[in-house]
1. Going by a ≥ b ≥ c, the root eigenvalues of the Cα gyration tensor, does segment 304-400 fall in the rounded group (a/c under 1.5), the prolate group (a/b larger than b/c) or the oblate group?
2. Given Cβ point charges of +1 (Lys, Arg) and -1 (Asp, Glu) and nothing else, what value in debye, to the nearest 20, does the dipole of segment 275-510 about its Cα centre take?
3. Under the Karplus relation 6.51 cos²θ - 1.76 cosθ + 1.60, θ = phi - 60°, what is the ordered set of whole-Hz ³J(HN,Hα) values for segment 191-199, x standing for Gly and Pro?
4. In whole Hz, what ³J(HN,Hα) sequence does segment 174-179 give by Karplus (6.51, -1.76, 1.60; θ = phi - 60°), x for Gly and Pro?
5. Calculate how large, on average over all directions, the projected area of the Cα convex hull of segment 275-510 is; give the answer in nm² to one decimal.
6. Nothing charged except the Cβ atoms of Lys and Arg (+1) and of Asp and Glu (-1): what's the magnitude of the dipole of the chain about its Cα centre? Round to the nearest 20 debye.
7. Could you tell me the center-to-center distance, by alpha carbons, between segment 206-254 and segment 364-423 in angstrom?
8. Given a cut-off of 21 Å, name the pairs among K198/K244; K140/K182; K11/K71; K136/K171; K182/K493; K398/K493 whose C-alpha atoms lie farther apart than that in the structure shown.
Amino acid sequence: RNLLDRDTFSKSDPICVLYTQAIGNKEWREFGRTEVIDNTLNPDFVRKFIMDYFFEERENLRFDFYDVDSKSPNLSKHDFLGQMFCTLGEIVGSQGSRLEKSIVGIPGKKCGTVIVTAEELGCCRDSVLMQFCANKLDKKDFFGKSDPFLVFHRSNEDGSFTICHKTEVVKNTLNPVWQAFKISVRALCNGDYDRTIKVEVYDWDRDGSHDFIGEFTTSYRELSRGQSQFNVYEVINPKKKGKKKKYVNSGTVTLLSFLIETEVSFLDYIKGGTQINFTVAIDFTASNGNPLQPTSLHYMNPYQLNAYGMALRAVGDIIQDYDSDKMFPALGFGARLPPDGRVSHEFALNGNPQNPYCHGIDGVMEAYYRSLKCVQLYGPTNFAPVINHVARYAASVKDGSQYFVLLIITDGVISDMAQTKESIVNASKLPMSIIIVGVGPAEFDAMEELDGDVVRISSRGRFAERDIVQFVPFRDYIDRSGNHVLSMARLAKDVLAEIPEQFLSYMRVRGIKPLPAPPPYTPPIHVLQTQI
């Protein structure tokens, strides 16, 4: 909207070029271009870009706009109209997955705005439940009848076939009814409704030399008509057909039922307005070492982030795209607080217990460094209070409109293991997940136990309803000196990878469906008021 006008006699002829950023060397690579739209400053581009989306990765995007003046594919031959930077998560995390942002890049000029919308490709998520039966199949066994089963193949671009499903064998009958089976539309036809699906009918033999009875072809579109005269198929054996003049068929196969099930995804909820609330809890116990000494995990180095700061950045930078108000409660535990030196296991890093919210990850970092200067590192290391703190909020909104993620950064020496397990078992019924990042050289056996990937966590004989804890040791991501994260992207990826599935498991157990996305934005129509 409102692009710069670079043409003298008419309006600009805009094109949009999308770049993505390589993870390692941060180099921008061209991903694709839209079509050129002639003579307009308010183009609606038609060409779409199809990209892979991962919640746990930060995908930086850059949109460049040019006024096209000739047929040349070389962009330097055209007038630059400005650019916009964002992340894929920012677009997806915006309300209705629709982001509007200013175009920048030409000093002193207003370059207009760009509206980007994202939608998840739908056909990839459907699966189908189908059931078939057959009648009067050819008898292949010398003693007794045939033992039939079906083999389904999808066709590929090059005309070859790939097996995608086998039914079970039904013993000793020429009129089998197979059990219903579920298959994803992707596996069945690659999402292409008109692509050929070939079905072969075999008679099972113990020695593996199954006898071919015959075959037929269909397509997803045909099958989707459900049980009808269109979905009764003649099973043909080409060899027999060639030899026998009177050959009719080798039996028929009938579709009994066809049900489409759409798997809802994490993005459906985000698009429907579910907010992810992110809370940080930082370990201020004495086992971390004195913040004034370089050996401390909390060392206040003026030139670079310490381990706590690095872990906070890596996770926070991604998760903040999904939190609309960008206000994050930041808590500390295990310190003595001024003025009277009482020990607290849930204190606000910004010093305001009534309002522990910090603005953005930068605000959290600032509050963290401020706290280090005024509290005394102490102990013991109790996790339960901060888990219960977030659980109280999560317990008040169980309708699926909000989901809570607690990031605990700790040196891993935990004192209240029993209470923490109890808190996690209770929290597993709530819309929340817990991420624990272990910093420093300690043995993290207790943290691995809380993670519950190997053995589901339990407390007093009660097991956690779902797995809600993800633990990662920070040392796996830093170089030998301990000063540099080898890959912030990999750290964020491993920390956040389980969140979408944990989120979906809560929604499924509770039977919560995603809300429909808000309608696309239409600018208000200005009503002209007239005075009478």
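The values are calculated or read from the model by the stated rules, or taken from the named source; none is laboratory data. These figures come from a predicted structure and were not determined experimentally. FYI the Cβ positions are ideal-geometry reconstructions off the backbone, even for glycines, and counts take in every protein chain you see. Only protein heavy atoms, including side chains, enter the accessible area calculation; ligands, DNA and RNA are left aside. Shrake-Rupley method; radii C 1.70, N 1.55, O 1.52, S 1.80 Å.
1. Because a/c hits 1.5 or more and a/b fails to exceed b/c, segment 304-400 counts as oblate.
2. On the way: 20 positive and 26 negative charges, 86 e Å.
Dipole magnitude for segment 275-510 comes out near 420 debye.
3. x, 9, 5, 9, 6, 5, 10, 9, 10
4. Along segment 174-179, the couplings run 9, 10, x, 10, 7, 5 Hz.
5. Values: hull surface 48.5 nm².
So the Cα hull casts an average projection of 12.1 nm².
6. Using Cβ point charges on Lys, Arg, Asp and Glu, the chain gives about 1480 debye.
7. One Cα centre to the other: 63 Å.
8. K198/K244; K140/K182; K182/K493; K398/K493
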